[in-house]
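Asks: Here you go, one structure.
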Amino acid sequence: MRFTVAIDGPAAAGKGTISRAVAAHFRFAHLDTGLLYRAVGARVAEGAEPVAAARGLEMSDLERGDLRSAEAGQAASRVAALPEVRAALVEFQRRFARREGGAVLDGRDIGTVICPEAEVKLFVTASDEERARRRWLELAAKGSGQSEAEILQDLRERDRRDREREAAPLRPAPDALLLDTTKLTIDAAVNKAIEAIGLRQAQGRE
């Protein structure tokens, strides 16, 4: 059985949390595609050439402990703007998406570029202020001294780069379900996603 769920959206909107919960509920494999770009960005920060880093990326590179840092996020956004880097990672993602047993991929261009034929597409969003608050809480718990205002500025700059890049800009697919998590609890957001995916599965069996 092949069934692909594409979940896109900006940073700190909740797509990662929702994706992991959905994958666990349906027993699908999960790929946080943002980690691919973070891992490439981390290797570039260490001196690697971007395209070579992307082409040589391995699954073990996604297990690095520093990929969730703010620095890695900024590096990921920069390398993701390079068409050659994106091309090097597209096939990897597409193979993962059509694996047996079902797959959930979350990122910024899954429904529009990587898996335009995905059975379910979700675009998860939230207000800038709420996303900054969530990221500030997350980073503060790890000892970061970055202020909420600084994080808000960083998020808006990253959003601008992601939306304005020529290669696969951040935008919802025309047939994506919009899920605004600004005022939703985690459980409520996850339940809405599960309901949408379950409905599509049922329609596919008819």
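The values are calculated or read from the model by the stated rules, or taken from the named source; none is laboratory data. Here the structure is a predicted model, which is why all the values come from computation and not from measurement. Glycine gets a Cβ as well: all are built from the backbone with ideal geometry, and neighbour counts include every protein chain shown. The protein model used for the area step is the full one, side chains on, heavy atoms only, and it has no ligands, DNA or RNA in it. Shrake-Rupley method; radii C 1.70, N 1.55, O 1.52, S 1.80 Å.
Asks: Under a 5 Å amide H to amide H cut-off, with H placed in plane at 1.01 Å, what residues pair with His30 once short-range neighbours are removed?
Replies: For His30, the qualifying residues are Val104.
Asks: Just want to confirm a number: the relative contact order over the range 4-197, from Cα pairs under 8 angstrom separated by 6+ residues, in percent.
Replies: The value is 34 percent.
Asks: Leu179's amide H: which non-local residues (gap 5+, or another chain) put their own amide H closer than 5 Å, with H modeled 1.01 Å from N in plane and none for Pro or chain starts?
Replies: When sequence neighbours closer than 5 places are left aside, the close amide H contacts are Phe123, Val124, Thr125.
Asks: Report the gain in length on full extension from Glu195 to Glu119: 0.36 nm times residue separation, minus Cα-Cα distance, nm rounded to one decimal.
Replies: Taking 0.36 nm per residue and subtracting the Cα distance, the gain is 26.0 nm.
Asks: Summing -39500 (n - 2.57) over the DSSP H runs of n ≥ 4 in the chain and dividing by its residue number, what mean residue ellipticity at 222 nm do you reach, to the nearest 500 deg cm²/dmol? Please report the intermediate quantities before stating the final value.
Replies: Working: 8 runs with 107 residues, N = 206.
The per-residue figure over the chain is -16500 deg cm²/dmol.
Asks: If we count every other residue with Cβ under 10 angstrom of Ala6's Cβ, Lys/Arg +1 and Asp/Glu -1, where does the sum land?
Replies: Net local charge, Ala6 excluded: -4.
Asks: A further question follows. Largest first, please: the extent of the C-alpha atoms of the range 112-156 along each principal axis, to the nearest Å.
Replies: Principal axes ranked by extent give 42, 19, 15 Å for the Cα atoms.
Asks: Sticking with this structure for a sec: Pick out, in residue order, every one of the trypsin sites (Lys or Arg not before Pro) in the range 1-83 that is DSSP loop and has at most 13 other C-beta atoms within 10 Å; say none if there are none.
Replies: Numbers: sites: Arg2, Lys15, Arg20, Arg27, Arg38, Arg43, Arg55, Arg64, Arg68, Arg78; in loops: Arg2, Arg27, Arg64, Arg68.
Loop-located and lightly packed - Arg2, Arg27.
Asks: What list of ³J(HN,Hα) values in whole Hz, one per residue of the range 87-102 in order, does the Karplus curve 6.51 cos²θ - 1.76 cosθ + 1.60 (θ = phi - 60°) give from phi, with Gly and Pro shown as x?
Replies: 3J(HN,Hα) across the range 87-102, in whole Hz: 4, 5, 9, 4, 5, 4, 5, 5, 5, 4, 5, 9, 5, 5, x, x.
Asks: Next up: Short version: ³J(HN,Hα) in whole Hz for each residue of the range 26-41, in order, from phi by Karplus 6.51 cos²θ - 1.76 cosθ + 1.60 (θ = phi - 60°), x for Gly and Pro, what are they?
Replies: The phi angles translate into 8, 6, 9, 6, 10, 10, 7, 5, x, 5, 4, 6, 5, 5, 5, x Hz.
Asks: To continue, here is another question. Mind listing the long-range amide H neighbours of Gly107? Cut-off is under 5 Å, sequence gap 5 or more, other chains count too, H placed in the peptide plane at 1.01 Å from N.
Replies: Ile7, Asp8, Gly9
Asks: Under the 0.36 nm per residue contour assumption, what length would be gained going from the current alpha-carbon distance of Asp175 and Ala45 to full extension? Could you put the intermediate results ahead of the total?
Replies: Details: separation 130, 0.36 × 130 = 46.80 nm, distance 3.68 nm.
This chain segment gains 43.1 nm when fully extended.
Asks: Can you tell me the equivalent ellipsoid semi-axes for the range 90-206? Use √(5λ) from the Cα gyration tensor, largest first, whole Å.
Replies: Whole-Å semi-axes of the equivalent ellipsoid: 29, 19, 13.
Asks: So if I average 1/r over every pair of distinct C-alpha atoms in the range 4-197 and take the inverse, what Kirkwood radius in Å does that give?
Replies: Values: mean 1/r = 0.0596 Å⁻¹.
Here the Kirkwood hydrodynamic radius works out to 16.8 Å.
Asks: Which whole-number value in Å² is the accessible area per residue of the range 4-197, probe 1.4 Å?
Replies: Value returned for the range 4-197: 48 Å² of accessible area per residue.
Asks: Taking a 1.4 Å probe, which of Thr4, Thr185, Thr112 shows the most accessible area, and what order do the others take after it?
Replies: Thr185, Thr112, Thr4
Asks: Keeping all protein chains in position, work out how much accessible area Glu195 exposes to a 1.4 Å probe, and write it in Å² to the nearest 10.
Replies: Ignoring ligands and nucleic acids, Glu195 comes out at about 130 Å².
Asks: Please list Arg158, Arg98 in order of solvent-accessible area, largest first, computed with a 1.4 Å probe with all protein chains present.
Replies: I get Arg98, Arg158, largest accessible area first.
Asks: Would you please give the FRET efficiency between Ala140 and Glu166, computed as 1/(1 + (r/R0)^6) with r the Cβ-Cβ distance and R0 = 30 Å, to the nearest 0.05?
Replies: It comes out at approximately 0.30.
Asks: Let me ask something else. Looking at the range 1-81, which GluC sites (Glu not before Pro) are in a loop (DSSP not H, G, I, E or B) and have at most 12 other Cβ atoms within 10 Å?
Replies: Numbers: sites: Glu46, Glu58, Glu63, Glu71; in loops: Glu46, Glu58.
Counting only loop positions with at most 12 other Cβ atoms within 10 Å, the GluC sites (Glu not before Pro) in the range 1-81 are Glu46, Glu58.
Asks: What's the Kirkwood radius of the range 60-129 in Å, using all Cα pairs?
Replies: 14.0 Å
Asks: Residue by residue, what Karplus-based ³J(HN,Hα) values in Hz, rounded to whole numbers, does the range 130-143 have, using 6.51, -1.76 and 1.60 with θ = phi - 60° and x for Gly and Pro?
Replies: 5, 5, 5, 4, 4, 5, 4, 4, 5, 6, 4, 5, 9, x
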